[in-house]
Every structure is written in structure tokens, then in C-alpha cells.
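Q: Have a look at the structure that comes next, please.
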Amino acid sequence: MKTVMGMGRNRTGIGTSPIDAKKTIEAAEEAVPLGYGDRVEGAAVRADYVREAEPLGSVPPPTSLKGAAKSAAEMLTGKNPAVFIDKLGERLAFERTGTRLYDALLTKMEAAPGPEGISIEEVRRIHDEERAHMDLVWNAIEKLGADPTVQTPSADIDGVAATGLLQILTDPRTSITQSLHAIHIAELADNDGWVMLIELAEQMGHSDLAASFSAALRDEQQHLALVRRWMTMSTESLASLGAGA
Ligand SMILES: [Fe+2]
Ligand SMILES: [Fe+2]
């Protein structure tokens, strides 16, 4: 893996060929868009679909008797347990993705030396913590009598959102510095996700769960601080001529 970022034969900008650039601009100005109408028409079609669309998914009713009883009790107090289960499903999906992101980072680090100062032991520890968070949420869902194998609507959204992050990490060409950018996005969302889940757990009257989630949040705060430090360090080292990625 080549690790030095230098100037190369990137021809994506129009500045590479001023003659072709002029022709490209002229053609773009003269061209009439092919296909379906203009932006206003396009938006109207999308609006029609929005009005007719089914919801993205649903949260199934509890499959256990214990879960059904808990749900009924919560609904009697005016709380909607489906929202909490949906958000727990989201957290579970995200922690699973987090584990996979760090898995991919470890593969990269084992395959090629990264920038100095990023400890593989610390990356392994974060990976294991993400995995432990996944188990924590799994157990919380089971404790509520719900099914942790369900893909809830918010878990679905998370899965789609994380696709790009996983693509960055599993692309063999991306450097560790570039991979850290994707991990940084994940850790930012991870931190806020736990903050919101803790507030929701309190609101739903599950203080015991809120307390165990607070321990996970403390881990996440450390992850974010480390990733920020590694990103800064590796980018600064890249900016010094002759340094690796
Ligand atoms: Fe996490
Ligand atoms: Fe994390």
C-alpha cells in the first residue's frame, strides 16, 4: 500500500485542459436537459410519492407474555413503548456497525503500518467496547420482552446511513487517515445517540437502563477524544513533507 499523498495525475478538474474546459462550459450552457421535465416537475412527482408512501417499517408487538404485560402497563401510563424499542433497535444496529468499522480498521492497520501514535491495542479496545455495547442493548431489548433480532425502522435508517462509512473503511485504497474520517462521523453520531437514548430511558421510567447506558456513553466520549487526536496527529504528520499516511 502506497502511503505518501503527493501530487499526481488527477484529471478530474477542468483546469487540466483549458481548451476542453471552454467547450464543456459552452455545451453545458447550450444543452437542454433530456428526460423528465424540470426541477419543479420532478419535485411534484416526488411529493406525490411522499403522500402515498407507506411508513418505512414498524415495531412488532412483544412476542413474550412478559413483554406484552410490560407494554400494556406502559401504555396505561400514557407512554408509547414502541418508540423506545425502535430507538433501542437503532442503537443496536449502530453498535454492530461500529464493531465492523473497527474490524475493518484493524485489518488495515495489521496489513500496513499506519501513522505513528495510533495504538493498535487502543483500536482493539474500542472495537471490543463497541461489541460490548451491542450486547448491552441486546440484553436491554430482551429485558423489555421485545425481540432484539428485529430490524426496527430507525435501525433500517442507520443501516442505510452507515453504508458509505463501511465503504470507506473496506476500500483497500483508503489510508488509515482517510478511514479515521469515517470513524469520526460514526463516533459523533454514537455519542449523541447514547445521550438521547439515556434521556428517553429516563422518560420511559427505566432508570436502571439509563444508568447502564451512561457507562457506555463514558466509553464513547473516550472513543471520540482518541479519534479526534489520531485524526489531527495523522493529518499534521501528512502535511509534513515525506511523512506516511
Ligand atoms: Fe458505540
Ligand atoms: Fe464508539
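The values are calculated or read from the model by the stated rules, or taken from the named source; none is laboratory data. What you see is a predicted model, and the numbers here were worked out from it, not measured in a lab. Note: ideal-geometry Cβ built from the backbone for every residue, glycine included; neighbour counts use all protein chains shown. In case anyone asks, the SASA skips ligands and DNA or RNA and just uses the protein heavy atoms, side chains included. Shrake-Rupley method; radii C 1.70, N 1.55, O 1.52, S 1.80 Å.
Q: Report, ordered by the first and then the second residue, all pairs with beta carbons closer than 9 Å, sequence separation of six or more or different chains, a first member in segment 180-200 that is under 16 Å from residue 103 (Cα atoms) and near ligand 2 (Cβ under 10 Å from one of its atoms), and a second member that is among the basic types (Lys, Arg) and open to solvent by 10 Å² or more (accessible area, probe 1.4 Å).
A: 187/228
Q: If you take the residues in segment 120-135 that are hydrophobic (A, V, I, L, M, F, W, C) and within 10 Å of ligand 1 (Cβ to nearest atom), which one is farthest from residue 96 (Cα to Cα)?
A: Here is the first cut: in segment 120-135, the ones hydrophobic (A, V, I, L, M, F, W, C) are 120, 123, 126, 132, 134.
After this cut, where a residue has to be within 10 Å of ligand 1 (Cβ to nearest atom) as well, the list is 126, 132, 134.
Working: 126: 13, 132: 10, 134: 6 Å.
Taking the candidates together, the pick is 126.
Q: Restricted to segment 110-123, and to residues that are closer than 21 Å to residue 228 by Cβ and without any contact (Cβ under 8 Å) to a residue 24 or more places away in the chain, which residue is most open to solvent (accessible area, probe 1.4 Å)? Working first, answer last.
A: Going residue by residue through segment 110-123, those that are closer than 21 Å to residue 228 by Cβ are 114-123.
This time we only want the ones that are without any contact (Cβ under 8 Å) to a residue 24 or more places away in the chain, so: 119-121, 123.
Numbers: 119: 33, 120: 40, 121: 119, 123: 0 Å².
Only one residue tops the list, namely 121.
Q: Please determine, by comparing only the residues of segment 95-149 that are under 21 Å from the mean Cα position of the chain (by Cα), of a type in the set (S, T, N, Q) and more than 18 Å from residue 222 (Cβ to Cβ), which one is nearest to ligand 2 (Cβ to nearest atom).
A: Taking the candidates together, the pick is 97.
Q: Kindly list, by first and then second residue, each pair from a residue in segment 154-173 that is among the polar types (S, T, N, Q) to a residue that is open to solvent by 50 Å² or more (accessible area, probe 1.4 Å) and not in a helix (DSSP H, G or I), limited to pairs with Cβ atoms under 9 Å and residues at least 6 apart or on different chains.
A: Taking only residues 6 or more apart or on different chains, the pairs are 154/56.
Q: Another question, if that's okay. Looking at segment 55-63, can you tell me whether even one residue there is among the polar types (S, T, N, Q) and over 14 Å from residue 150 (Cα atoms)? Break it down stepwise before answering.
A: Step one: filter segment 55-63 for residues among the polar types (S, T, N, Q), giving 58, 63.
From the residues that got through so far, the ones that are over 14 Å from residue 150 (Cα atoms) too are none.
The answer is no, given that none of the residues of segment 55-63 is among the polar types (S, T, N, Q) and over 14 Å from residue 150 (Cα atoms).
Q: Take residue 26 and decide whether it is at pLDDT 90 or above and surrounded by 14 or more Cβ atoms within 10 Å (Cβ to Cβ). Before you say what the answer is, go through the steps one by one.
A: Details: at pLDDT 90 or above: yes; surrounded by 14 or more Cβ atoms within 10 Å (Cβ to Cβ): no.
Against the criterion (at pLDDT 90 or above and surrounded by 14 or more Cβ atoms within 10 Å (Cβ to Cβ)), residue 26 does not qualify.
Q: Mind checking which pairs have a first residue in segment 33-44 that is at pLDDT below 80 and a second that is not hydrophobic (A, V, I, L, M, F, W, C), Cβ under 7 Å, 6 or more apart or different chains?
A: Listed by first residue and then by second, the contacts come to 36/42.
Q: From the list 237, 207, 175, exactly one residue is more than 16 Å from ligand 1 (Cβ to nearest atom) and buried (at least 19 other Cβ atoms within 10 Å of the Cβ). Which is it?
A: Values: 237 fails: buried (at least 19 other Cβ atoms within 10 Å of the Cβ); 207 fails: buried (at least 19 other Cβ atoms within 10 Å of the Cβ).
From the options 237, 207, 175, the qualifying one is 175.
Q: Of all residues in segment 220-245, how many are over 18 Å from residue 90 (Cβ atoms) and acidic (Asp, Glu)?
A: Count: 1.
Q: Are there helices (runs of 4 or more DSSP H) fully within segment 144-245 with at least 3 residues that are modelled with pLDDT under 95 and of a type in the set (A, V, I, L, M)? List them.
A: On the way: elements: 153-170, 176-203, 207-239.
Of the helices (runs of 4 or more DSSP H) lying wholly inside segment 144-245, those with at least 3 residues that are modelled with pLDDT under 95 and of a type in the set (A, V, I, L, M) span 207-239.
Q: Among the listed residues 107, 77, which satisfies the condition of being open to solvent by 60 Å² or more (accessible area, probe 1.4 Å), over 25 Å from residue 186 (Cβ atoms) and of a type in the set (S, T, N, Q)? First the steps, then the outcome.
A: On the way: 107 fails: over 25 Å from residue 186 (Cβ atoms).
Testing whether each residue is open to solvent by 60 Å² or more (accessible area, probe 1.4 Å), over 25 Å from residue 186 (Cβ atoms) and of a type in the set (S, T, N, Q) leaves just 77.
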